Amino acid sequence: MAEPRPRLILASASPRRLDLLASVGITPDAVEPTDIDESEIPGELPGPLAQRLALEKASAHSDGDAFILAADTVVGVGRRVLPKAETETQARACLALLSGRNHRVYTAIALRTPDGELTARLVETKVKLKRLSERELESYIASGEWRGKAGGYGIQGRAGAFVISLIGSYTGVVGLPMYETVNLLAGRGYPVTEAQNEVQNP
């Protein structure tokens, strides 16, 4: 008799990450975000911040018998970390800074295996937005799509029309770099193909 497939828990409340996993045929057994302090350490750079937070989220989960997948996305302009916008003022400030210039989006994924092994991958993507007119900025603010988004925008929505160029991982900018995620899962022993087959043949 075949051994049951190990459980996979997505330690994130982001519906976008859940949708991205579903797009490649992977459905977590549970979605259980972990609550950690996401404050940056003074002087911490955007990439290392994303990786540290992803590792802390995976480590903080209490289920020791499952694969725990966590992620964090940080938008950076040079050494500066942009916030996950929660107010219109924050979103305006982020978009005004990003308007017409390049920035980098760092998404880190972390995986904790049932035997406690912890591994992380950091994916960096270079993005350039068009110069936004006042009308475009105000229209986007009114849409509310910026709320809770790193850097004050979500590329999978209306802000996708602002993107002039992208070098790197589109899904990483959305919130979960799929090539790296699937390969990390498979490389650490999670039966990706079997999980996909279960979705195709329930």
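Determine which member of the set GLY100, GLY148 is modelled with pLDDT under 95 and of a type outside the set (Val, Ile, Thr). That would be GLY148, the only listed residue that is modelled with pLDDT under 95 and of a type outside the set (Val, Ile, Thr).
Kindly list the number of the only condition in (1) in contact with a helix residue (DSSP H, G or I) (Cβ under 7 Å, 6 or more places away or on another chain); (2) under 24 Å from ALA161 (Cα atoms); (3) not in a strand (DSSP E or B) that fails for ARG17. Of (1) in contact with a helix residue (DSSP H, G or I) (Cβ under 7 Å, 6 or more places away or on another chain); (2) under 24 Å from ALA161 (Cα atoms); (3) not in a strand (DSSP E or B), only one is false for ARG17: (1). Conditions first: (1) touching an Asp or Glu at 6+ places or on another chain (Cβ under 8 Å); (2) of a type in the set (Val, Ile, Thr); (3) loosely packed, with under 13 Cβ neighbours inside 10 Å. THR89 passes all but one, so which condition is the exception? Status for THR89: all satisfied but (1). Take the conditions (1) open to solvent by less than 10 Å² (accessible area, probe 1.4 Å); (2) more than 19 Å from ILE26 (Cα to Cα); (3) of a type in the set (A, V, I, L, M, F, W, C); ILE167 misses just one of them, which is (1). Scanning the stretch 60-78 for residues that are at pLDDT 95 or above and surrounded by fewer than 18 Cβ atoms within 10 Å (Cβ to Cβ) turns up just one, VAL77. Whenever a residue of the stretch 91-116 is under 17 Å from LEU166 (Cα atoms) and among the charged types (D, E, K, R), its partners that are open to solvent by less than 10 Å² (accessible area, probe 1.4 Å) and part of a strand (DSSP E or B), lying with C-beta atoms within less than 8 angstrom and at least six residues away or across chains, give the pairs ARG101/LEU129; ARG104/VAL75; ARG104/GLY76; ARG104/THR125; ARG104/VAL127. Look at ARG101 and say whether it is buried (at least 20 other Cβ atoms within 10 Å of the Cβ), touching a strand residue (DSSP E or B) at 6+ places or on another chain (Cβ under 8 Å) and of a type in the set (Lys, Arg). No, not satisfied. Considered as a group, the residues in the stretch 155-164 that are under 16 Å from the mean Cα position of the chain (by Cα) and in contact (Cβ under 8 Å) with a residue 24 or more places away in the chain include one that is least open to solvent (accessible area, probe 1.4 Å), and that residue is ILE155.
Looking at the stretch 26-38, can you tell me whether even one residue there is part of a helix (DSSP H, G or I) and surrounded by fewer than 21 Cβ atoms within 10 Å (Cβ to Cβ)? So far as the stretch 26-38 goes, no, none of its residues is part of a helix (DSSP H, G or I) and surrounded by fewer than 21 Cβ atoms within 10 Å (Cβ to Cβ). Please work out if LEU176 is open to solvent by less than 40 Å² (accessible area, probe 1.4 Å), closer than 29 Å to LEU69 by Cβ and part of a strand (DSSP E or B). It is false that LEU176 is open to solvent by less than 40 Å² (accessible area, probe 1.4 Å), closer than 29 Å to LEU69 by Cβ and part of a strand (DSSP E or B). Just so you know, in the stretch 118-154 the residues that are open to solvent by less than 10 Å² (accessible area, probe 1.4 Å) and in a loop (DSSP other than H, G, I, E, B) include one that is farthest from VAL105 (Cα to Cα), and it is TRP146.
With respect to the stated conditions, LEU95 fails to be at pLDDT 95 or above, under 15 Å from ARG121 (Cβ atoms) and surrounded by 15 or more Cβ atoms within 10 Å (Cβ to Cβ). Residue-level check: of (1) in contact (Cβ under 8 Å) with a residue 24 or more places away in the chain; (2) closer than 29 Å to LEU137 by Cα; (3) buried (at least 16 other Cβ atoms within 10 Å of the Cβ), LEU18 misses just (1).
The values are calculated or read from the model by the stated rules, or taken from the named source; none is laboratory data. Since this is a predicted model, take the numbers as computed values, not measurements. Using ideal geometry, Cβ is built from the backbone for each residue, glycine included, and neighbour counts are taken over all protein chains shown. These accessible areas exclude ligands, DNA and RNA; they are computed on the full protein's heavy atoms, side chains included. Shrake-Rupley method; radii C 1.70, N 1.55, O 1.52, S 1.80 Å.
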